[in-house]
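K.L.:
Before we start, here is the structure in question, set down as structure tokens.
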């Protein structure tokens, strides 16, 4: 019996498939999971997976990508899966040829006539007995992936697929749902929201056991949704109710979604979550500079130093309280202290960089983002010389640090470094032109925007000029990041894009308002979207920012 788990990145399919494999073994079945622990059982397939993820392969075309994905699955099928089907009662795989089909058709726009013959030839008639589709709001999936990275930071390159932006995951979700609708007798849709993991494990395990016996079992759905919010005030109350549910069921998610949320009602919940998930509670303090936030940072500093230091951004970056924390944690977390100095060009910041250089030189250099002074370049050259000279820019870790350091710089020296780093870290080079308006910067954006829209659009943050608007408008409704790049911008172009993209990206539209959410026009837009998209949690969160603090009596009301 061949069981397949599918879904977008962060949907929970890997976790669920591994747990189900364990339960089936305990039930007495012989089970082979060909991607147990998240690693493909075929070294060849795992190598192809790494190749397609590598952002250095930015130029990979949709057709070439399809063939590589098909080759990965075909190798796994012939080397591991088919032999296992002859030996084991149940064979489980996390992804099948459906992944390649959805990515090619819905993600990259290739036609069914091109894609299906390739994948059918690779499958050679093998069809899974069951396909469990983990269906989840892409915003929740993205949050869970981010939480994993916060709690267990990973070294190395970001995923090439991630350069396409949030819109890709939305399109992939639609593709999976379309395939499930074509074959309802084989596919089972599991909602990974509002249903505890243990419940899903039991349901899926029972369905597989009963399928072997020739019976069928309907999978339960999530709990009924609460009444929709109609105003920003109701949005804040609904957001807090969901946070309170997650405090019990999935506290890491609750803490994550409190990130940057202001008000005593948010602070109360953040403080309550701190003992259970201190790292994420500290992370959620990002940019907050109120008294309650500083007090919580001091409480969490020894247990979650890197996350506390990572929250020292924007209004919280250059304050007496921030410098006190840096001094307290400099021996314990030198790298995080250095990273917290990003954009700071004061004498105090330079003295601390000098103290940290030998313990955390890469982080010191990365903190020079946007600083184009002679002093900054002297420090950069000192570091590059220690790393082996300009030739070292051909090494990925060095190239990425260099690109982060020169982000926003338009000097000849910065461009010379970009040229050397391009072959090994093109995505980092693209991000390094953030805010630049020179002809070279525009040429680089326009050459590569089709392959890496997320990276390119991130460089437009705050740019309010015709060429930036033309590039934003060229995407239509494909990329959420178009809206992220126009935070707080006013004018006809900004409002026109918000109106055009509002129903495609409601939460990003409200997020793009920034302080404009407090204006009558901004509030009206948010409340129209709440009425049109009543089940969109990400929208609820953004709209909640426009409502007043509800902390008086909040704990009594939610008890």
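K.L.:
So what's the angle, to the nearest 10 degrees on a 0 to 90 scale, between helix 43-53 and the longest Cα principal axis of the chain?
P.N.:
In the chain, helix 43-53 runs at an angle near 40 degrees to the longest axis.
K.L.:
If r is the Cβ-Cβ distance from residue 345 to residue 39 and R0 is 41 Å, what FRET efficiency results, to the nearest 0.05?
P.N.:
For residue 345 and residue 39, the calculated efficiency is 0.40.
K.L.:
Calculate the all-directions average of the projected area of the range 110-207's alpha-carbon convex hull, and give it in nm².
P.N.:
Convex hull of Cα atoms, orientation-averaged projection: 8.7 nm².
K.L.:
Between residue 25 and residue 202, with labels modelled 7 Å along Cα→Cβ, what's the label distance in nm to one decimal, could you check?
P.N.:
About 2.3 nm, to one decimal.
K.L.:
If you wrap a convex hull around the Cα atoms of the chain, how much volume per residue is inside, in Å³?
P.N.:
164
K.L.:
Additional query: Express in whole angstrom the spacing between the alpha-carbon centres of the range 37-69 and the range 349-405.
P.N.:
Comparing the Cα centres of the range 37-69 and the range 349-405, I get a distance of 32 Å.
K.L.:
Can you list, largest first and rounded to whole Å, the semi-axes you get for the range 471-524 by taking the square root of 5 times each eigenvalue of its Cα gyration tensor?
P.N.:
Semi-axes from the Cα gyration tensor: 17, 11, 9 Å.
K.L.:
Considering all alpha-carbon pairs of the range 393-505, what whole percent are spaced by more than 22 angstrom?
P.N.:
In whole percent, the share of Cα-Cα pairs in the range 393-505 beyond 22 Å is 33.
K.L.:
222 nm [θ] for the chain, helices only, -39500 (n - 2.57) per DSSP H run of 4+, per residue, to 500?
P.N.:
-16000 deg cm²/dmol
K.L.:
For 472, 188, 298, what ranking results if the residue with the fewest other Cβ atoms within 10 Å of its Cβ goes first?
P.N.:
298, 188, 472
K.L.:
Next question, about the same structure. Once each part is reduced to its C-alpha centroid, what is the distance from the range 258-320 to the range 18-36 in angstrom?
P.N.:
41
K.L.:
Using Cα-Cα distances under 8 Å and only pairs 6 or more residues apart, what relative contact order does the chain have, in percent?
P.N.:
Across the chain, relative contact order equals 14 percent.
K.L.:
Sorted from largest down, what three extents in whole angstroms do the Cα atoms of the range 307-464 have along their principal axes?
P.N.:
46, 38, 26
K.L.:
Within a 10 angstrom radius of the beta carbon, how do 358, 96 rank from fewest other beta carbons to most?
P.N.:
358, 96
K.L.:
If we sort 488-499, 276-287 on the protection proxy, mean other Cβ atoms within 10 Å, highest first, what's the order?
P.N.:
276-287, 488-499
K.L.:
Here is a follow-up. What list do you get for 327, 412 if you sort them by fewest beta carbons within 10 Å?
P.N.:
Listing 327, 412 from fewest to most nearby Cβ atoms yields 412, 327.
K.L.:
On to the next question. Hey, what did the range 2-212 get for relative contact order, percent, Cα under 8 Å, at least 6 apart?
P.N.:
Once normalised by length, the contact order is 34 percent.
K.L.:
Taking the highest mean first, how do the peptides 75-83, 143-151, 364-372 order by number of other beta carbon atoms within 10 angstrom per residue?
P.N.:
Ranked from most to least packed, the peptides come out as 364-372, 75-83, 143-151.
K.L.:
So, one more: Listed highest first by mean packing, meaning other Cβ atoms within 10 Å per residue, what order do 42-50, 310-318 come in?
P.N.:
With the highest mean Cβ count within 10 Å placed first, the list reads 310-318, 42-50.
K.L.:
Angle, helix 412-421 long axis vs. longest principal axis of the chain, Cα atoms, 0 to 90°, nearest 10?
P.N.:
So the helix axis and the longest Cα principal axis differ by about 20 degrees.
K.L.:
Measure nothing fancy, just the Cα-based angle from helix 520-532's long axis to the longest principal axis of the chain, in degrees from 0 to 90, nearest 10.
P.N.:
10
K.L.:
Then there is this: Counting each pair of different Cα atoms once, what's the Kirkwood radius of the range 2-212 in Å, rounded to one decimal?
P.N.:
Hydrodynamic radius (Kirkwood, Cα only) of the range 2-212 equals 17.6 Å.
Only the coordinates and a few stated rules stand behind these numbers; no lab work does. This structure is a prediction, so every number in the text was calculated from the model and none was measured. Reconstructed Cβ throughout: ideal geometry from the backbone, glycine too, with neighbour counts over all protein chains shown.
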